[in-house]
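Only one structure is covered here, and it is reproduced in the block below.
Throughout, read-outs are computed from the coordinates displayed, never taken from laboratory work. This is a predicted model, so every value here is computed, not measured. Neighbour counts run over all protein chains shown; Cβ positions are idealised from the backbone, glycine included.
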Amino acid sequence: MKWPPLIDSGHLPRWVVARDAVATLLAWWVLLYYIKDMARMAAYWLLLPFGVQLPTPWAPGDVLLDATPFLKIVALLVLWLVVFAIARWRVLTNRVGAASQPEPLDPRRQADAFGLSDDALSRLRGASSATIQGMDPVTGRAGADTVVLTGPASPVPGQRPE
Amino acid sequence: MNLSGFELALAALCFGYPYVMAWYWIVGGMMFQLLRERSEPPFDQPPELAEYPPVSVLVPCYNESRQVGETIATLDRVIYPDFEIIAIDDGSSDDTGARLEQLAAQHPRLRVVRMARNAGKSTAMNFGAMAARHEIIACIDGDTSMDPHALTWFVRRFQNDPLIGGLTGNPRIRNRSSVVGRLQVGEFSSIVGLIKRAQSVYGTLFTASGAICAFRKRALQDAGWWWPRTITDDVDVSWRLQMAGWRMAFEPKAMAWILTPETVRGLWRQRLRWSEGGSEVALRAFPSLFRRTGARMWPIWLNWFVSMLWAYAMLAMLLVYAMGGLHLRHLLDMEGFGFIPGQAGSLLAINYLLQAIVAAGLDRRYERGIMRTLFWVVWYPLAFWVLQASTAVVGLPRAIFRRDTRGRWTSPDRGFRE
């Protein structure tokens, strides 16, 4: 198996691949057409230091003026991120193993949460193949009728039932 | 509010939300890169761990007969000394169960749990977790290919921080046959990847990716396990786990290759489910936000809330456009806030392109040639956001008026494979 297991367009008809590429090129053309005024503004600002003053679609500085209230919100949110980055610096940069880890969960507590008996739990955990019957599909809990059958439900060639 | 006030608020929201959030995600993504990712080893050369605790990998399956053989084969390539695979067949109507039994005979690590009746993914996961013999459980979907080093990176992150109860991995798009598939490569990088990085900086995540994530059992017990009635089990369990006081984190080096829809219809169904499920969780969590441990979810909740307002503001603009003769018709002439981009629309488009370039730059270490996929992201500012906004608009009322008491399996199309 090749890795990474990417599936490319090799199995598609060539005309589909060509259609997608052409449509995407056209989409770029449309997008660039719509943002052409921004490019003109950028050219204006880039050439201004060299004494070249190009005509502009909007008054110079207009875009920045309109965006200023939103940039102030951006600044506030960035400040929020910076505060958290500083406060959580150790957590974010820590690469060393912690001295201790939480105690593992007792399987019986887990089974209690779903109403599964100790016997059913040990059968479920011990089996290489198990079938669960009689649980409530609405609550997702086991009930008095719940049974855990071990062993393959369908015969597997060469394997003995448990 | 008078008419001009309403117009201003509408226009400010339509432009302001994507503009502000794009910068926020870019800065948050770069911060995460500087603080965590930059000095980490490459994803395919994980450091040696002091201990390798055993891990259980859960693979819930429903009608996955065609895919599951490949999924188990890729798990066989995982480089980790001690792990078991638990495949759960949730009462499939095809021969998934029999196929799993066959695979179990070939793969000694594989154990099979069969639900006699279909009970939903959450219940399948809960019973799979009960069958699991180990404290750390990793979860992948039945059609996901796990990277060989993903388990090592998950375990290392748990070992770093005992307060972390859940980890989300880094799902990468596997199928890139069509425009829809290729566009999602850029989207998962520029939207999903950046959001997770930014959220990791302040320490609460909207969701672990169900396709590749890991949990401590103890944390799941505190969270109340997977809830059978939810639509998006991964979002739901992530919120409850964090509201139970556990931390969640993003581990970008724990990768998995996922199949995504490659038709617009399949994509619509998938995104609608995500939107409905996310809204359902956010609405249900609201009262808990006023409790001590729930308060940490406020930033995530507010982001969800404003994103909904934005989607409905865009819908309002569309209605104004449709009702052209009304007094509000001139809203369309506002600079760039309408559907024909002007100044503000251009600014948004450029912002998105910048966001995509930054995100692809951050993701370069995980995927060679990702910069080439930037060619396809042009569809996002032109068209794809409309689908996203529409699913939000439709998903919210569906979440509010949902009557179904059970989460159900929804298998999207898995792209064009042959």
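Just a few scattered comments:
- Spin-label proximity, A:Lys2 to region B:345-388 - amide N less than 15 Å from point 7 Å beyond Cα toward beta carbon: B:368-369
- Taking amide H positions as modeled 1.01 Å from N, with prolines and chain starts lacking one, the residues under 5 Å from A:Ile7 and 5 or more places away or on another chain are B:Asn175, B:Arg176.
- Judged by the mean number of other Cβ atoms found within 10 Å, the most tightly packed of the peptides A:41-47, B:226-232, B:345-351 leads the ranking B:226-232, B:345-351, A:41-47.
- Which of B:Gly5, A:Ala23, B:Trp376, positive extreme of dipole for the protein assembly as shown (C-beta unit charges): B:Gly5
- Where labels lie 7 Å past Cα in the beta-carbon direction, separation of B:Val386 and A:Val138 in nm: 4.3 nm
- Solution diffusion estimate, µm²/s, Stokes-Einstein, the protein assembly as shown, Kirkwood Rh from C-alpha pairs, 25 °C, viscosity 0.890 mPa s: 97 µm²/s
- Cα-centre dipole for chain A with unit charges at Cβ (Lys and Arg positive, Asp and Glu negative), debye to 20: 520 debye
- Selection from A:Trp80, A:Gly140, A:Leu124 lying farthest towards where the dipole of region A:59-162 points positive, charges on Cβ: A:Trp80
- Per-pair calculated FRET efficiency, R0 = 35 Å: B:Leu34 and B:Thr293 via Cβ, rounded to 0.05: 0.75
- Charging the Cβ of each Asp and Glu at -1 and of each Lys and Arg at +1, and nothing else, the dipole of the protein assembly as shown about its Cα centre rounds to 320 debye.
- Test item: B:120-129 mean partner chain Cβ contacts at 10 Å: 4
- Charge dipole (chain A, unit charges on Cβ, about Cα centre) - positive-most of A:Ala113, A:Ala42, A:Val52: A:Val52
- Rough spin-label spacing in nm, given labels placed 7 Å along Cα→Cβ, for A:Asn94 and B:Asp95: 5.1 nm
- Estimated FRET transfer efficiency (A:Asp106, B:Gln45; beta-carbon r; R0 60 Å; 0.05): 0.95
- Straight Cα distances below 28 angstrom link A:Lys2 to the lysines B:Lys253, with same-chain residues fewer than 8 positions distant left out.
- Label-point gap, in nm, between B:Ala316 and A:Lys72 - each point 7 angstrom along Cα→Cβ: 2.1 nm
- Using the rule -39500 (n - 2.57) for each DSSP H run of four or more residues, divided by the residues of the protein assembly as shown, the 222 nm mean residue ellipticity is -15000 deg cm²/dmol.
- Annotation: the antiparallel percentage among DSSP beta bridges lying fully within the protein assembly as shown is about 30.
- Antiparallel DSSP beta bridges within region B:44-187, as percent of all bridges there, nearest 5: 0 percent
- Each Cα pair under 8 Å and six or more residues apart adds its separation to the average, and for region A:33-162 the resulting relative contact order is 13 percent.
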